[in-house]
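Any read-out appearing in this document is the output of simple, stated calculations on the displayed coordinates, not a laboratory observation. Owing to the predicted nature of the structure, the values given are computational and were not obtained by experimental measurement. All Cβ positions, glycine included, derive from the backbone under ideal geometry; neighbour counts span all protein chains shown.
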Amino acid sequence: MGFDGLMFRRISNLLQEKYRYSKINKIIELTSNSYLFLLYSPDYSSNLLISLNTNSSFITPFMGKYKAMDKQSHFTNLLKTHLEGSTIMSFEQLNNDRIMKIIINKRNDIGDNVEKRLYIELTGKMTNIILTKDDNKIIDAKKRMGPTDFTNRTLMSGALYRLPPIENKQDPLNANIDFSKTISSQLYGISPLLEKEFLANNYDNADIIAFCVSALKSNKIYIGKYNSKLEYHLKPLSLFESAYEEYSIEEGIQHFYQKIVDKNIKEEQKQEIRNVIKKELNKNERKLDKLILDLEKAEDYDKYKYYGELIFMYALEQKDKSMNEIIILDEIKNEKIKIALDPKISIGKNANKFFQKYQKSKKAIDIIKKQISLCKEEIEYYELLKVQVNDADNQSLKQIKEELISNNLIKLSNNSKNNLKRKKEKKEFTIKQYTSKDNILISVGKNNLQNDYLTFSLAKYNDTFFHVKDFPGAHVIVHSDKLNEATIRMAANLAAYFSKARYSSSVPVDYTLVKNIKKPKGYKYGQVIIKNYKTIYIDPLNPDDK
């Protein structure tokens with residue numbers, strides 16, 4: 001369920017009771033839509049997590065593990081400048097809606113207290129954070145926007161902050177409900193899940209008020225399943241289909257949202273890498289198109305020699321330098337040839353110019369063909385990274401990012417560079433492994449760093465190497481050279497499935513002994529040359545399907 005208004009009100013009260021007068025030590029951007037405020041007071045230290053994801057917006061105390069993004073956005077740096085080192089004076093819910101005003105005080109350079117206000121709006125698609133001065137003039141907003149027909153608000157620097165339009169709803173603690181209409185459309189803070197709970201138990205007006213009063217006094221959260229989906233609230237619901245779990249509010253919300261937070265962080269890390277890969281793919285594909293055009297032009301080099309020979313044979317006596325073109329009868333072919341000329345030079349120099357272009361184009365062909373080959377290798381490399389990112393777990397994602405950093409495709413902040421220098425961690429490789437029916441171990445590389453480690457460090461010379469033919473894919477090592485057909489087909493299926501050819505049929509997979517695999521100097525991670533191989537054709541199936 002969403003973080004409804006009733007839950008929002010309870011969290012607001014909890015923050016006001018427990019976290020008022022705490023100091024904001026640090027502000028961290030976890031993802032582009034989530035922020036962590038590291039709080040401190042003499043009695044405790046805690047973190048305040050604010051999520052603006054439209055499908056999982058919430059605000060809660062948070063003590064889970066976290067890692068800041070490598071690059072903090074302009075808005076985060078602005079929050080850090082204005083709010084780090086300040087003291088939170090109050091938390092207040094506004095209009096019974098999912099809007100919170102946090103009043104914050106900080107001493108300026110001359111020692112005066114300066115008040116700032118942070119407005120947190122968790123209102124569906126319009127989720128936002130707005131920082132204002134004490135007179136409500138906006139310093140900046142996470143999502144800037146001009147006035148619209150719907151809100152008629154301007155959320156820009158210098159504008160006056162105004163609340164979103166007030167809905168015509170009642171406070172659930174003092175309600176007079178018309179049961180001919182939906183309950184959630186009449187009361188603030190009532191989610192569709194709570195409405196179903198009220199209807200399932202035939203609650204009357206007094207029952208609903210009593211439920212809400214009791215919920216707002218709760219220090220617990222109850223998590224259970226409804227329609228096979230995890231839900232939670234401040235009271236155990238009769239709709240829960242099985243035994244529910246009971247937590248403190250802070251622990252419960254963290255437990256419920258931790259996987260969502262982790263998933264959002266992971267997805268954002270993936271998207272960062274996908275953007276880099278897409279940029280490099282587009283660049284190399286454009287380069288390849290240009291090289292192919294250059295090759296087509298260069299391969300037409302014989303015509304320049306032909307034009308030069310024609311001029312020397314039939315038109316060298318021409319003295320006019322102002323000619324833009326000349327028409328020559330080729331007596332051997334018995335046809336007239338029109339040749340464009342440079343009017344600034346003599347006919348003889350035009351002939352020599354054609355011979356020079358012929359020699360230059362002839363030499364260029366080998367260079368262009370080599371560049372085309374390298375460009376195709378680059379495209380294949382980034383296509384492989386695309387496949388690897390889709391299947392990456394946290395460790396593999398980190399290794400793919402390290403690979404891009406080493407290739408100078410992801411730029412790190414100075415802090416991140418210093419952290420890398422300090423850590424100098426030994427690379428850890430958790431290799432995905434399977435076992436054949438003959439109890440032979442089969443290893444699969446999930447990224448290029450793992451592929452290199454697997455093929456050139458872990459595998460023995462007489463192990464067997466598998467790789468999909470003509471597609472980017474994983475290195476697969478069978479730790480044996482004595483393979484029956486079932487083991488060969490299993491390894492070939494792994495190579496085909498963990499490749500770009502996953503959804504194709506009759507995929508060719510090459511295999512040979514590891515001693516036949518070479519990695520020439522200058523090849524990127526995961527790139528190899530294979531020789532003395534055999535090929536098997538396979539229809540890829542998910543190896544983890546039972």
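At a glance:
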| read-out | value |
| --- | --- |
| DSSP bridge orientation in region 5-255 - percent antiparallel, rounded to nearest 5 | 100 |
| Distance violations [Cα-Cα > 23 Å] among LYS290/LYS349; LYS67/LYS137; LYS26/LYS67 | LYS290/LYS349; LYS67/LYS137 |
| Label point 7 Å beyond Cα of ILE529 along Cβ direction - residues of region 485-517 with amide nitrogen under 14 Å | 516-517 |
| Neighbour-count ranking [beta-carbon atoms within 10 angstrom, fewest first] of PHE37, PHE456 | PHE456, PHE37 |
| Relative exposure of CYS375, CYS212, judged by other C-beta atoms within 10 Å (fewest first) | CYS375, CYS212 |
| Dipole of the chain [Lys/Arg +1, Asp/Glu -1 at C-beta], most positive-end residue of GLN258, ASN95, GLY522 | GLY522 |
| Of PRO164, LEU187, ILE208, farthest towards positive along the dipole that unit charges on Lys, Arg, Asp, Glu beta carbons give region 5-255 | PRO164 |
| For the chain, size of Cβ-based charge dipole, Lys and Arg +1, Asp and Glu -1, in debye | 2120 |
| Charge dipole of the chain about the Cα centre (unit charges at C-beta), most positive-ward option of SER12, SER346, HIS479 | SER346 |
| Where GluC sites (Glu not before Pro) fall in DSSP loop in region 309-395, at most 12 other Cβ within 10 Å | GLU317, GLU331 |
| Which listed pairs, of LYS279/LYS411; LYS143/LYS398; LYS469/LYS500; LYS196/LYS235; LYS287/LYS519, have C-alpha distances above 20 Å, in listed order | LYS143/LYS398; LYS287/LYS519 |
| Dipole magnitude (debye, nearest 20) for region 432-538, charges at Cβ of Lys, Arg, Asp, Glu | 280 |
| The chain, Cα convex hull volume normalised per residue, Å³ | 297 |
| Taking ASP70, ASP4, ASP366 and counting other C-beta atoms within 10 Å, the order from fewest to most | ASP366, ASP70, ASP4 |
| Highest-first arrangement of 190-198, 233-241, where packing means the average Cβ count within 10 Å | 190-198, 233-241 |
| Relative contact order (%) - region 87-241, alpha-carbon pairs under 8 angstrom, separation at least six | 11 |
| Region 478-546: chymotrypsin sites (Phe, Trp or Tyr not before Pro) falling in loop per DSSP and having at most 14 other Cβ within 10 Å | TYR503, TYR523 |
| Kirkwood estimate for region 432-538, i.e. one over the average of 1/r between Cα atoms, Å | 13.4 |
| Total charge dipole magnitude, region 165-265, about the Cα centre, Cβ charges on Lys, Arg, Asp, Glu only, Debye to nearest 20 | 180 |
| Placed amide H near SER34: partners under 5 Å, 5+ positions off or other chain | LEU52 |
